[in-house]
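Let me begin by presenting the structure, written as structure tokens, before commenting on it.
The values are calculated or read from the model by the stated rules, or taken from the named source; none is laboratory data. Worth saying up front: this structure is predicted, and the values here are computed from it rather than measured. Cβ placement follows ideal geometry from the backbone for every residue including glycine, while neighbour counts extend to all protein chains displayed. Surface accessibility is based on the protein's heavy atoms, side chains included, excluding ligands, DNA and RNA. Shrake-Rupley method; radii C 1.70, N 1.55, O 1.52, S 1.80 Å.
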Amino acid sequence: MNIENYKNYIIDLYKQFIPIKSIGPDNNGEGEWARARLLYDIVKELFDDIKLIEVPDSRVKENSRPNIVAIKYGKNRNKTFWLIAHIDTVPVGDINLWKYDPFNVTIEGDILYGRGVQDNGNAIILGILLAKILEDNNIIPDINFGFILSSDEETGSRYGLNYIVNNYPDIFKKEDYILVPDAGSSDGLNIEIAEKGILWLKFNIVGKQAHASNPGLGLNSTRLGSILLLELDKVLHQKYNNVNKIFNPDISTFEPTKVEKNIDNINTIPGNYTFYFDCRILPDYNIDEVLETIKFVVKEFENNYNCKVEMNIVMKDYPSILNNIDNNDFLNKIKDLIKKYRNKEARIVGIGGGTYAKILREKGYNAIVWSTYNESAHMPNEYININDLIIDTKILLEILKP
């Protein structure tokens, strides 16, 4: 079979689902239902069994978030190769930084542009295309092929895979192969088998509002917040400075990110200042011990500056690593197939980003993250090379075909 003949099919799929905005309510979107309906109709024609799992969420008009679980049965029905994609995307950011409409697929040669073509459109395409090739060629795979299209990956997976794993424990088996094509490298050699721990933290400094011409009557929360932000940045980077070469970047990262709006006018001293930290912590460290360090810094700051700091944990995920790395059959298959199609040895890596694999590994499942993956996810002008999808499909097809 000539998989290159499916290029137009791939482009047509992208043109169908990329224009459908699929942004969750935590990112001020309307949810994933519109895209899920389209994909459900495509997937049901290619798989033997399909299930729709709805997770209650009153913030969207449908009052739930959709998850699609599909199975194409193999000769051995006791084992499944799962491919897991997420159907939600992130907002476009500054639209002025895009050279094309992010919600229409633009093609330049073999490059496709649009929000979500890489993250996680590549996995959506891979799952559908593998099933399409099996169907077109009347191939019954050696083992089952399972495909999950899930919601809410970008904002914590509470309404997506996390819900599925905790409420439908019979879906996965310990011996299953599970692939999450949601990270990798542009040369297709990186296989991700470990992820850092994640802490997302919110800090609100409570000051006292006053007229800016008479600052002695107030307590400037913006100044205090800036001091605390820099103190946390310094302490965390100095104390947790180990290097672990399996990861890229190879250190723990502690990044101040979002700042909330406080006042509208220039001539008022703000009474509240709210900022956030995104911490990605190597498995070398106990994430709870890092949290205690942060609490200590905050307490000292409150005492030194006679103010109140409200700290909230937005997300806390412990690090994960694949079991039995040296003798893992699934990992060895992927490594051998990369060598066959890329003519280079695969690299075993860890990442700072959180993927669905972390949820699965915590339950003891055999989850690997791999695909040919450029670094344009979440960026303006997100793109993918269609030839990378073709090669990745060839690799994954070998896991399934007799």
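Does Glu260 count as open to solvent by less than 80 Å² (accessible area, probe 1.4 Å) and at pLDDT 95 or above? Lay out the reasoning, then the answer.
Working: open to solvent by less than 80 Å² (accessible area, probe 1.4 Å): yes; at pLDDT 95 or above: yes.
So Glu260 fits the description; yes.
Which one of Leu46, Leu38, Leu97 is surrounded by 15 or more Cβ atoms within 10 Å (Cβ to Cβ) and touching a residue at least 40 places away in the same chain (Cβ under 8 Å)? Walk me through how you get there before you give the answer.
Details: Leu38 fails: touching a residue at least 40 places away in the same chain (Cβ under 8 Å); Leu97 fails: surrounded by 15 or more Cβ atoms within 10 Å (Cβ to Cβ).
Only one candidate qualifies: Leu46.
If only one of Asn162, Asn166 is free of Cβ contacts under 8 Å to residues at least 60 places away in the same chain and part of a helix (DSSP H, G or I), which one is it? Quick ask: steps written out before the conclusion?
Details: Asn162 fails: free of Cβ contacts under 8 Å to residues at least 60 places away in the same chain.
From the options Asn162, Asn166, the qualifying one is Asn166.
Go through segment 106-162 and give me each residue that's open to solvent by 10 Å² or more (accessible area, probe 1.4 Å) and among the hydrophobic types (A, V, I, L, M, F, W, C).
The answer is Ile107, Ile111, Ile139, Ile140, Ile143.
Within segment 204-212, does at least one residue satisfy the condition of being at pLDDT 95 or above, out of contact with any Leu (no Cβ under 8 Å at 6 or more places or on another chain) and closer than 29 Å to Asn27 by Cβ?
The first filter runs over segment 204-212 and keeps only residues at pLDDT 95 or above, leaving 204-212.
Going one step further and asking which of them are out of contact with any Leu (no Cβ under 8 Å at 6 or more places or on another chain), we end up with 204, 206, 209, 212.
After this cut, where a residue has to be closer than 29 Å to Asn27 by Cβ as well, the list is 204, 206.
Yes, there is a match, as at least one residue in segment 204-212 is at pLDDT 95 or above, out of contact with any Leu (no Cβ under 8 Å at 6 or more places or on another chain) and closer than 29 Å to Asn27 by Cβ.
This table checks each residue for (1) in contact (Cβ under 8 Å) with a residue 12 or more places away in the chain; (2) open to solvent by 30 Å² or more (accessible area, probe 1.4 Å).
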residue	(1), (2)
Asp336	no, yes
Asn343	no, yes
Ile348	yes, yes
Thr355	yes, no
Lys358	yes, no
Ala377	yes, no
Asp388	yes, yes
Lys394	yes, yes
Lys401	yes, yes
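Within segment 276-285, can one find any residue that is of a type in the set (Asp, Glu) and over 30 Å from Ala212 (Cβ atoms)?
Initial filter on segment 276-285 (of a type in the set (Asp, Glu)): 278, 284.
Add one more test, that the residue is over 30 Å from Ala212 (Cβ atoms), and what stays is 278, 284.
Yes: segment 276-285 contains one or more residues that are of a type in the set (Asp, Glu) and over 30 Å from Ala212 (Cβ atoms).
Could you tell me how many of the residues in segment 319-334 are in a loop (DSSP other than H, G, I, E, B) and open to solvent by 70 Å² or more (accessible area, probe 1.4 Å)?
Going through segment 319-334, the residues in a loop (DSSP other than H, G, I, E, B) turn out to be 319, 322-324, 328.
From what's left, open to solvent by 70 Å² or more (accessible area, probe 1.4 Å): 323-324.
So the answer is 2.
Exactly one condition in (1) in a loop (DSSP other than H, G, I, E, B); (2) closer than 17 Å to Tyr318 by Cβ is false for Ile266; which is it?
Condition (2) is where Ile266 drops out.
Go through Gly24, Gly74, Gly31 for me and flag whichever is surrounded by 14 or more Cβ atoms within 10 Å (Cβ to Cβ) and either at positive phi or modelled with pLDDT under 95 (or both).
Working: Gly24 fails: either at positive phi or modelled with pLDDT under 95 (or both); Gly74 fails: either at positive phi or modelled with pLDDT under 95 (or both).
That would be Gly31, the only listed residue that is surrounded by 14 or more Cβ atoms within 10 Å (Cβ to Cβ) and either at positive phi or modelled with pLDDT under 95 (or both).
Do you know which residues across segment 368-402 are β-branched (Val, Ile, Thr) and not in a helix (DSSP H, G or I)? Reasoning before the result, please.
From segment 368-402, those β-branched (Val, Ile, Thr) are 368-369, 372, 384, 386, 390-391, 393, 395, 399; that's our starting set.
Of everything in segment 368-402, those that are β-branched (Val, Ile, Thr) and not in a helix (DSSP H, G or I) turn out to be Ile368, Val369, Thr372, Ile384.
Can you tell which of Ile227, Ile294 is assigned to a helix (DSSP H, G or I), within 28 Å of the chain's Cα centre (by Cα) and more than 30 Å from Ile348 (Cα to Cα)?
After applying the criteria, what remains is Ile294.
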